[in-house]
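Take a look at the structure below.
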Amino acid sequence: MNAAVPAGLQGGLRRDLAVIAANIAPSSSVLDIGCGDGTLMAALRDGKDCDARGMELDPANVSLCVAKGLSVIQGDADKDLAFYPDKSVDYAILSQTLQTTMRPDMVLEELLRIGRKAFVSFPNFAHWRVRLSLLWGGRMPVTRLLPIPWYETPNIHHLTVDDFRALVKERGIKVEGCWFLSGGTKCSAAAANFRAEHAVFLLSRA
């Protein structure tokens, strides 16, 4: 599944967010968990007429979202998703946040309970630059993919593309689409665990 990113949705969106935006149906209901400053939500609201709502842990980002006229509450993905009803939105989104949660497996289950479908994107810790840094330097890498030293990083579960594939298979979760990104380009699914810097998955219950 490799839908092109419409030009109107590219501006200002991180590459994985542009992929997500391109593959959400117009006029959908969306819950963006860990929505940051609301860039994706605003693009979906303005570009696709979506009913976009969000949850964000950082109060400064919540304020930025509210200033944009977005409906965002302060909340923690590890604790507060239980308050959302089953199948209450068309899409639940978790972008670049899964690896920062205490129990990624449980958060993933909550996404698929709340949303009819779920988008998940994350950095691939098996990317060749990360492997090379560990092999030759013997230290946790600081790269374009991982720009923060190990003692400051919010990432507490370092997953790979193959780790995620194994988890969804174990849980009986259907992969409806997947995209693998290296810099500003897509790479093949076959070599994704080695070549991809970031991955995006569209999931549903099988």
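The strands (runs of 3 or more DSSP E) located wholly in region 16-97 that include 3 or more residues which are under 27 Å from residue 158 (Cβ atoms), modelled with pLDDT of 95 or more and in contact with a Cys (Cβ under 8 Å, 6 or more places away or on another chain) occupy 51-56. Taken over region 172-206, the criterion of being modelled with pLDDT of 95 or more and among the basic types (Lys, Arg) is satisfied by 174 alone.
Considering 114, 93, the condition of being closer than 12 Å to residue 34 by Cα, touching a residue at least 60 places away in the same chain (Cβ under 8 Å) and touching an Asp or Glu at 6+ places or on another chain (Cβ under 9 Å) is satisfied by 93 alone. Residue check: is residue 167 modelled with pLDDT of 90 or more and part of a helix (DSSP H, G or I)? It is true that residue 167 is modelled with pLDDT of 90 or more and part of a helix (DSSP H, G or I). Looking at region 118-131, can you tell me whether even one residue there is surrounded by fewer than 18 Cβ atoms within 10 Å (Cβ to Cβ), outside any loop (DSSP other than H, G, I, E, B) and modelled with pLDDT of 95 or more? No, region 118-131 has no match at all.
Limited to region 37-52, what total is found for residues that are in contact with a Gly (Cβ under 8 Å, 6 or more places away or on another chain) and among the small types (Gly, Ala, Ser)? Residues that pass the stated criteria total 3. Residues that are surrounded by 13 or more Cβ atoms within 10 Å (Cβ to Cβ), modelled with pLDDT of 90 or more, farther than 23 Å from residue 37 by Cα and touching a helix residue (DSSP H, G or I) at 6+ places or on another chain (Cβ under 8 Å): does region 136-148 have at least one? No - not one qualifying residue is present in region 136-148.
The values are calculated or read from the model by the stated rules, or taken from the named source; none is laboratory data. Owing to the predicted nature of the structure, the values given are computational and were not obtained by experimental measurement. Virtual Cβ from ideal backbone geometry, glycine too; neighbours counted across all protein chains shown.
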